[in-house]
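The values are calculated or read from the model by the stated rules, or taken from the named source; none is laboratory data. Keep in mind that what you see is a predicted model, and the values were worked out from it rather than measured. As a convention, Cβ positions derive from the backbone with ideal geometry for all residues, glycine included, and neighbour counts pool all protein chains shown. Calculation scope for accessible area: heavy atoms of the full protein, side chains included, ligands and nucleic acids excluded. Shrake-Rupley method; radii C 1.70, N 1.55, O 1.52, S 1.80 Å.
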Amino acid sequence: MRKNYIIVSAMTIAGALIMMSSSGGRNDDRTGAPSSNGNCSSCHTGGIQGTSVNIGVTEKGAFTPLTSYQAGKTYTVTIAVLGASSSKGFQSTVLDASNIKTGTTANPTSGSRIISANSRDIVVQSSPSLTGAWSFEWTAPASPTGSVTIYAAGVAANGTGSDNGDQGAVATKSLTLDAGAKTATNNLVSMQVYPNPCSDVLQLSKAADQITITGITGAAFPADISGTNINTLNLPQGFYYLKWTKGNETGTIKFQKN
Ligand code: HEC
């Protein structure tokens, strides 16, 4: 009984040491991001494990690698530390262009956890990993300001429980902001047509990617376009809706054929 108690205490102390130590994940910012406290190679040196770090991003539940993100969506960020080692660790954080924490970091996979350091959410290993693969979820802010960058630092250690004979590496991955389909709030400003009413030609203020013309009852009419000119000679007299798209913008303008 007493013997068991001693073993349990010893395990608790060992566990506590692992949690406090570097192998159980550091509690300061060593992501290698701007204004971090350096990276793993600040201490882990002298090894030739051939360490490299890969960062992958997909939409949550999907498998297509992404280089952009959209407001409010949740993504799965995968960190892989590669190298000849059975004792690997990492840190990763997502920052905006001003190097400030952005979005929400959650659900780190088993063997990792989220700490708060340097006003950032940082995902770290909770114990040295054999596979060196972890993932977590990142939800983009509802009103993003622009590109974000994922920073990651990793170590492939030699498993001797020191920072000697190990090799670190860092990686970054930037995601541009994909604004998605955006409805023009003011059709008059972003696209104009003239003359309105028109007779044989309706002119657009700028070339559109796509134009559709429908009558006010919804019937479609062929849009005979050349550059910014629409040939309206063959349109019957009446009112029409011109729906246009250009890049991320779209709008509808009502015009009249005399
Ligand atoms: C300030 C120095 C320092 C920095 C920076 C540091 N470590 Fe460590 N690390 C240590 C020391 C000392 C040990 C050995 C004692 C221990 O486990 O805490 C260690 C041990 C480890 C181990 C277990 C090593 C083994 O041989 O099994 C891993 C894994 C590890 N660190 C990962 C990391 C990662 C990942 C980073 C960067 C995000 C990092 N460390 C940054 C000092 C550091």
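Descriptive notes on the structure:
- Criterion: assigned by TED's automatic domain parsing to the domain that holds V124, more than 16 Å from the ligand (Cβ to nearest atom) and not acidic (D, E) - qualifying residue of T93, T104: T104
- Any hit, segment 168-175, residues being touching a residue at least 40 places away in the same chain (Cβ under 8 Å), in contact with a His (Cβ under 9 Å, 6 or more places away or on another chain) and either farther than 26 Å from Q70 by Cβ or open to solvent by 30 Å² or more (accessible area, probe 1.4 Å) (or both): yes
- The number of residues in segment 63-104 that are assigned to a strand (DSSP E or B), of a type in the set (A, V, I, L, M) and open to solvent by 30 Å² or more (accessible area, probe 1.4 Å) comes to 1.
- Within segment 23-46, tally of residues that are among the acidic types (D, E) and within 8 Å of the ligand (Cβ to nearest atom): 1
- Qualifying residue in segment 110-126 (condition: away from the ligand (no atom under 16 Å from the Cβ) and open to solvent by less than 30 Å² (accessible area, probe 1.4 Å)): no
- Where a residue in segment 35-46 is in the same structural domain as I100 (by TED's automatic domain parsing) and within 17 Å of S23 (Cβ to Cβ) and its partner, wherever it lies, is more than 7 Å from the ligand (Cβ to nearest atom) and in a strand (DSSP E or B), with Cβ under 6 Å and at least six apart: N39/V170; G46/N164; G46/G165
- Screening G161, G168, G180, G132 for residues that are modelled with pLDDT under 95 and within 16 Å of the ligand (Cβ to nearest atom) leaves exactly one candidate, G161.
- From the list N107, N118, the lone residue that is at positive phi and under 20 Å from the mean Cα position of the chain (by Cα) is N107.
- Those strands (runs of 3 or more DSSP E) lying entirely in segment 137-236 with at least 1 residues under 30 Å from V57 (Cβ atoms) and within 24 Å of the chain's Cα centre (by Cα): 148-157, 164-177
- Taken together, the criteria place D178 among residues that are farther than 30 Å from R26 by Cβ and of a type in the set (D, E, K, R).
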